[in-house]
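Report on the following structure.
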Amino acid sequence: MILTVTLNTALDITYRVPELVPHASHRVDEVTERPGGKGLNVARVLAALGHESVVTGFAGGRTGAVLRELLAPLAPVDALVPVAGTTRRTIAVVDAATGDTTQLNEPGPQITADEWEAFLTAYEPLLRQADAVALCGSLPPGVPVGAYADLVRRARAANVPVLLDTSGEPLRRGLAARPDLIKPNADELARLTGSREPLRAARDARRRGAHAVVASLGPEGMLAITPSGTWQATPPTQVRGNPTGAGDSAVAALLSSLVEDLPWPSRLRRAVALSAATVLAPVAGEYDAKAYEELEGGVQVSALPD
């Protein structure tokens with residue numbers, strides 16, 4: 001089983017409009033709602049890849065109830081912890097004319113000290129059943145900024161490989177707990193290290209505590225700095241569509257490859273292809289299966305000097 005942690009779950013709402021024009025009224029062609037937050041997206045992709053997945057984190061209020069109703073018929077197992085506050089919404093507005101997406105993210109509910117303790121109590125037995133765990137996304141208000149560092153240490157104490165996918169101060173503090181893998185994008189890596197050069201920044205992040213670093217470079221693919229070597233993987237073609245969830249699909253690819261014990265070049269091929277195939281899908285947490293199969297064989301993985 002692969003455990004994904006989403007402390008700041010969300011109800012993902014996607015609007016499709018013919019053209020997004022500032023300061024104008026719009027007629028929405030299509031509306032979709034999905035259970036969201038980075039770890040829930042990861043779990044749905046893992047399930048599509050054939051891996052058993054369990055989701056935990058927080059859910060509350062009317063939005064949280066809708067999220068859990070939508071999650072119920074899906075493959076990931078719901079182990080979310082109830083809270084008094086209301087789960088946030090994220091709004092994606094897709095411009096059909098350009099293919100671009102505008103994203104609006106609410107902050108999330110206020111988490112009390114008792115609710116945080118309830119989560120920690122639920123986390124420990126889930127860890128004991130897990131082959132790997134992913135800690136994903138932002139922290140809702142009230143959760144300690146060092147929360148991910150605590151969760152990384154608990155995973156390491158349980159001998160469970162842990163992937164950390166967050167940003168800012170939670171990432172900085174989480175690194176000190178020495179996660180097995182982090183997966184920042186280029187901007188997150190630059191903010192963490194102060195370097196805009198991805199290779200230098202990734203090496204710096206690894207020196208700060210990460211066992212391995214996989215950096216998403218957008219249309220240019222991914223860069224991996226690992227104990228086994230350094231690689232850059234590039235997709236065979238650039239794709240246009242909705243990028244929401246592409247990074248989450250990359251996390252699912254890396255986790256599934258980890259538990260399958262694949263070599264790093266194979267992990268990167270899967271991650272780059274799955275990320276690109278997600279851009280072609282209508283909503284986060286899904287990917288174009290046919291495109292994934294076609295793209296994976298064309299991903300180029302090049303070894304770089306250590």
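Brief remarks follow.
- In angstrom, the C-alpha Rg and Dmax of the range 120-203 are 13.2, 41.
- Within the range 231-306, the proportion of C-alpha pairs whose separation exceeds 16 Å stands at 45%.
- Given the alternatives (i) 32; (ii) 55; (iii) 40, percent of Cα pairs over 29 Å apart as computed for this entry is given by (i).
- DSSP H segments from the chain that extend 18 Å or more along their own axis, Cα-based, with Kyte-Doolittle mean of -0.5 or above: 113-129, 246-259, 264-279
- Three-way shape call for the range 43-99 based on the alpha-carbon gyration tensor, with the a/c threshold at 1.5: oblate
- You can think of it this way: the chain between ALA84 and ALA303 has 73.9 nm of extra reach, that is 0.36 nm per residue less the Cα-Cα gap.
- Separation of the range 63-106 and the range 182-230, taken as the distance between their Cα centroids, equals 28 angstrom.
- Given charges at beta-carbon only (K, R positive; D, E negative), |dipole| of the range 112-256 in Debye: 580 debye
- Accessible area (Å², per residue) of the chain, counting only protein heavy atoms and a probe of 1.4 Å: 43 Å²
- Unit charges at the beta carbon, dipole of the chain: most positive-side option, VAL133, VAL214, ALA201: ALA201
- Net +/- balance of residues flanking MET222 in space, Cβ distance below 12 Å, scoring K and R +1, D and E -1: +3
- About the centre of its Cα atoms, the chain shows a dipole size close to 780 debye [charges on the beta carbon of Lys, Arg (+1) and Asp, Glu (-1) only; nearest 20 debye].
- As a length-normalised measure over Cα pairs under 8 Å and 6 or more apart, the relative contact order of the chain settles at 15 percent.
- Whether the range 22-154 is rounded, prolate or oblate, judged on the alpha carbon gyration tensor where a/c under 1.5 counts as rounded: prolate
- The charge dipole of the range 15-93, taken about its Cα centre with unit charges on the Cβ atoms of Lys, Arg (+1), Asp and Glu (-1) only, comes to about 200 debye.
- Taking the accessible area of the range 1-131, probe 1.4 Å, and keeping the other protein chains in place, the carbon and sulfur fraction comes to 51%.
The values are calculated or read from the model by the stated rules, or taken from the named source; none is laboratory data. What you are looking at is a predicted structure, and each value in this text was computed from that prediction instead of being measured. Methodologically, a virtual Cβ is constructed for each residue, glycine included, from the backbone with ideal geometry; neighbour enumeration extends over all protein chains shown. The accessibility values were calculated without ligands, DNA or RNA, using every heavy atom of the protein model including side chains. Shrake-Rupley method; radii C 1.70, N 1.55, O 1.52, S 1.80 Å.
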